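A short write-up of the structure that comes next.
The values are calculated or read from the model by the stated rules, or taken from the named source; none is laboratory data. Remember, predicted model here, so these are calculated numbers, not experimental data. Please note: Cβ atoms are built from the backbone with ideal geometry, for glycine as well, and neighbour counts cover all protein chains shown. Please note that ligands, DNA and RNA were not included when accessible areas were found on the heavy atoms of the full protein model with its side chains. Shrake-Rupley method; radii C 1.70, N 1.55, O 1.52, S 1.80 Å.
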Amino acid sequence: MSRYSKGAITLHWLMAVMIIGNLAGGFLHDFVPREGGQRAFVMGLHVSFGLTLIALTLVRFGWRLANPPPALPAYFTSGERLLAKGAHWAFYAAMLALPLSGWLMSARNDRPLLYFFAVNVPKPGVPKPLAETFNEVHELLGWAMLALLALHIIGIIKHKVMDRDNLLPRMGWGRST
């Protein structure tokens, strides 16, 4: 069975960890105490990894264009092919739109936008009311990303447990049998 390239596998797992961490930080930040700067620290990391994800998504998209993924197995039904391709392109869209909406919503306040607490990142020149709209968009996209992630995990479980088709090694998880 053919595998994704090492570059694609590395980008996939690096971004998976960052996306899951950012989803957790975004959804759970209200539970982090404000005292002692704990919430500011969590959100500073959330912003920094979000900005990093914009760049990594562009790299990953370029990598995919230059290094086409392995073909889907021949036994996939047309519905499975459509779902797999649709989910992957939806992930690409969400991986770019979610952090971009976060950057656009940063214009709603006067606090500096810092990359890893050190580098001042220019804010977009959008009016505050529009930035507030992007705040709502950012939250909705977070839920959409969570839904895509759940769908992805359900697909992994289906292929591992029900189909027993050993697809996980394609993305560097385990060995082909």
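Listing for the model above:
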| read-out | value |
| --- | --- |
| Per residue accessible area of the chain, 1.4 Å probe, in Å² | 61 |
| At most 15 other Cβ within 10 Å, DSSP loop - chymotrypsin sites (Phe, Trp or Tyr not before Pro), region 77-160 | 116, 117 |
| Net charge contributed by nearby residues that have their C-beta within less than 12 Å of residue 165 (K/R +1, D/E -1) | +2 |
| Volume of the Cα convex hull of the chain, divided per residue and given in Å³ | 142 |
| Within region 75-177, trypsin sites (Lys or Arg not before Pro) in DSSP loop having at most 10 other beta-carbon neighbours inside 10 Å | 164, 175 |
| Apportionment of accessible area to carbon and sulfur, the chain, percent (1.4 Å) | 71 |
| Linear extension gain, residue 118 paired with residue 168, 0.36 nm per residue minus alpha-carbon span | 14.1 nm |
| Helix 38-66 vs. the chain, principal-axis angle (Cα, 0 to 90°, nearest 10) | 40 |
| Centre separation in Å (Cα based) which lies between region 119-154 and region 13-44 | 14 |
| Solvent-accessible surface ranking, highest first, for 4, 75 at 1.4 angstrom | 75, 4 |
| Over the chain: helical MRE at 222 nm, DSSP H runs n ≥ 4 each giving -39500 (n - 2.57), nearest 500 | -22500 deg cm²/dmol |
| Contour minus Cα-Cα distance for residue 78 and residue 92 (0.36 nm per residue) | 2.9 nm |
| Residue-span extension gain [residue 151 to residue 32] - 0.36 nm each, minus C-alpha spacing | 40.0 nm |
| Using a Förster distance of 35 Å, the FRET efficiency for residue 9-residue 43 (Cβ separation, nearest 0.05) | 0.70 |
| Degrees, to the nearest 10: 128-157 long Cα axis against longest axis of the chain | 20 |
| Paired Rg and Dmax values of region 84-156, which use every Cα atom, in angstrom | 14.6, 43 |
| R0 of 30 Å, Cβ-Cβ distance residue 133-residue 20: FRET efficiency to nearest 0.05 | 0.70 |
| Angle between the chain longest axis and helix 6-28 axis [Cα atoms, degrees, rounded to 10] | 50 |
